[in-house]
Amino acid sequence: KVNVGDWAIAIGNPFGLDRTFTVGVVSAIGRKDVDFLGGSHIQTDASINPGNSGGPLINIYGQVIGINRMIYSKSGGYMGIGFAIPMNTARSILDQLKTHKKIKRGFIGVSIVQFTEEYAKELGLSSSKGAFIGEVLRESPAEKAGMKVGDVILEIEGKDIKTYKDLLKIVGETAINKRLKFTVWRNRSKMNLYVTVAERP
């Protein structure tokens, strides 16, 4: 329920100054290009500095909306851009740690390749939204479900897949052995495949 413009309060120990409290707003949500992992982040302009990491980012109602993680900086200090892990992501990780004593990431066994507007039109699609399957691993959950090279994943459980990052997020955060409904584009029409998520090797 976090929205751009909401008040954001960061608590932590920047530069060793414990119990520091800074206020700003949520600058953006769903930032996915801040590191090589591609995870979603909350961006805030509440002052976050080295030492804030691990502290809570809360709203004006005292609810924790994220965990402060890192900053964008050319100097090593605050430049108005900080990032927090969304609370829902942190909660799912906590549940896994409680259950498995480690973090298990979902896996279906496909590789994604670049999908252009021109090729999308050749396949009969109006845009290049989706994840284009370039490889299906042998004996993988995707192969067992009938997924093929050339399929374009359009939806998972009714949620639009705009880019491969949406696919990675949904599958990666899905509980192991849970079955997901994939809507794919094949032979100029939609079809549903049911894939049981496995643990990432």
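The values are calculated or read from the model by the stated rules, or taken from the named source; none is laboratory data. Computed from a predicted model, the values in this text were never measured in an experiment. Counting neighbours? That spans all protein chains shown, and the Cβs are built from the backbone with ideal geometry, glycine included. What goes into the accessible areas is simple: the full protein's heavy atoms, side chains included, and nothing from ligands, DNA or RNA. Shrake-Rupley method; radii C 1.70, N 1.55, O 1.52, S 1.80 Å.
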### Of the criteria (1) part of a loop (DSSP other than H, G, I, E, B); (2) touching a strand residue (DSSP E or B) at 6+ places or on another chain (Cβ under 6 Å), which one E135 fails
(1)
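Filter the range 12-30 down to the residues that are surrounded by fewer than 17 Cβ atoms within 10 Å (Cβ to Cβ) and under 20 Å from R91 (Cα atoms) and list them by number. Before the answer, list the steps.
Initial filter on the range 12-30 (surrounded by fewer than 17 Cβ atoms within 10 Å (Cβ to Cβ)): 13, 15-19, 21, 23, 25, 28, 30.
If the condition is that a residue be surrounded by fewer than 17 Cβ atoms within 10 Å (Cβ to Cβ) and under 20 Å from R91 (Cα atoms), then G30 is the only one that fits.
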## Note on the structure
Scanning the range 153-170 residue by residue, those within 17 Å of G109 (Cβ to Cβ) and open to solvent by less than 50 Å² (accessible area, probe 1.4 Å) turn out to be I153, I156, I161, L167, I170
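For the range 36-53, how many residues are of a type in the set (A, V, I, L, M, F, W, C) and open to solvent by 50 Å² or more (accessible area, probe 1.4 Å)? First the steps, then the outcome.
Step one: list which residues in the range 36-53 are of a type in the set (A, V, I, L, M, F, W, C), which gives 36-37, 42, 46, 48.
When the remaining residues are screened for being open to solvent by 50 Å² or more (accessible area, probe 1.4 Å), the result is 36-37.
Residues that pass the stated criteria total 2.
From V149, V184, which residue is surrounded by 12 or more Cβ atoms within 10 Å (Cβ to Cβ) and not in a loop (DSSP other than H, G, I, E, B)?
Details: V149 fails: not in a loop (DSSP other than H, G, I, E, B).
Just a single option satisfies the conditions, and that option is V184.
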### Any chance F115 is aromatic (F, W, Y) and touching a Phe, Trp or Tyr at 6+ places or on another chain (Cβ under 7 Å)
yes
### Task
Working carefully through the options S92, S111, S75, find the one that is more than 30 Å from N52 (Cα to Cα) and either open to solvent by 70 Å² or more (accessible area, probe 1.4 Å) or touching an Asp or Glu at 6+ places or on another chain (Cβ under 7 Å) (or both).
S111
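Identify, please: which residue in the range 54-66 is crowded, with 19+ Cβ neighbours inside 10 Å and out of contact with any Leu (no Cβ under 6 Å at 6 or more places or on another chain) and is, among those, farthest from G5 (Cα to Cα)? Let's see the steps before the verdict.
Step one: of the range 54-66, the residues crowded, with 19+ Cβ neighbours inside 10 Å are 55-58, 65-66.
If we keep only those that are out of contact with any Leu (no Cβ under 6 Å at 6 or more places or on another chain) as well, we get 55-58.
Details: G55: 21, P56: 18, L57: 14, I58: 13 Å.
Ranking the candidates gives G55 first.
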### Summary
Considering residues that are of a type in the set (A, V, I, L, M), in contact (Cβ under 8 Å) with a residue 24 or more places away in the chain and in a loop (DSSP other than H, G, I, E, B), the number found within the range 15-54 is 4
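What are the residues in the range 114-143 that are within 21 Å of P201 (Cβ to Cβ), crowded, with 17+ Cβ neighbours inside 10 Å and either over 20 Å from the mean Cα position of the chain (by Cα) or not β-branched (V, I, T) (or both), if any?
Those that are within 21 Å of P201 (Cβ to Cβ), crowded, with 17+ Cβ neighbours inside 10 Å and either over 20 Å from the mean Cα position of the chain (by Cα) or not β-branched (V, I, T) (or both): A131, V136, S140, P141, A142.
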